[in-house]
1. State all residues of the range 116-155 that are of a type outside the set (S, T, N, Q), assigned to a loop (DSSP other than H, G, I, E, B) and out of contact with any strand residue (DSSP E or B) (no Cβ under 9 Å at 6 or more places or on another chain); if no residue qualifies, say none.
2. Would you please name the residue that is farthest from the chain's Cα centre (by Cα), looking only at residues in the range 145-154 that are surrounded by fewer than 16 Cβ atoms within 10 Å (Cβ to Cβ) and touching a residue at least 40 places away in the same chain (Cβ under 8 Å)?
3. Within the range 75-97, can one find any residue that is in a helix (DSSP H, G or I), touching a Gly at 6+ places or on another chain (Cβ under 7 Å), surrounded by 14 or more Cβ atoms within 10 Å (Cβ to Cβ) and at pLDDT 95 or above?
4. Looking only at the range 99-137, how many residues end up being surrounded by 15 or more Cβ atoms within 10 Å (Cβ to Cβ) and closer than 18 Å to D61 by Cα?
5. Among G19, G95, G38, G103, which is the only one that is closer than 25 Å to E147 by Cα and out of contact with any strand residue (DSSP E or B) (no Cβ under 7 Å at 6 or more places or on another chain)?
6. Tell me, yes or no, whether the range 63-70 has at least one residue that is in contact with a helix residue (DSSP H, G or I) (Cβ under 7 Å, 6 or more places away or on another chain), part of a helix (DSSP H, G or I) and at pLDDT 95 or above.
Amino acid sequence: MTGKEHRYCPTIVWTGNTGTGTASYKAYERAHIISAPGKAEIAGSSDKSFGGDASRWNPEDLLVASASTCHMLWYLHLCAVSDVVVLDYRDEPEGLMIEEASGSGAFSRIVLRPRIKLAASSSEQRARELHHEAHMMCFIANSVKCEIVTEPAFSR
């Protein structure tokens, strides 16, 4: 059985040519713009550790944010169809990337730390169980090879 296909085709344009292109490692900026029709542009760069601009989004930030937002959106959906009323949701996730001596690297773990305010009538046990279901449904979690852990906290 073939699943339904969805395509995502953003445009990434390098804007960091300072006049000599990539004549040397320090001769260019890592600045770029991520865009797609009808969406706000994202100013990107590499991480400051790799010669980038710390004021811009880097691929590592975006990966961790993608894992967090995908989980959140599935979680909210599952809560809405399971009579669990979420009043507030905030996550401060953390990704751990290991850089090898060669310069390559990979994420070894992403920890999601959602802080969720539930309506007084909602079951915290069910709210907790829905995190597991959201993790199983999350497109990003199903696509990356590193471990993604969820450590939720609830309040009323």
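1. Matches in the range 116-155: A120, F139.
2. Once the filter is applied, the top-ranked residue is A153.
3. No, the conditions are met nowhere in the range 75-97.
4. 6
5. One residue alone meets the criteria, G103.
6. No: zero hits.
The values are calculated or read from the model by the stated rules, or taken from the named source; none is laboratory data. What you are looking at is a predicted structure, and each value in this text was computed from that prediction instead of being measured. Counting neighbours? That spans all protein chains shown, and the Cβs are built from the backbone with ideal geometry, glycine included.
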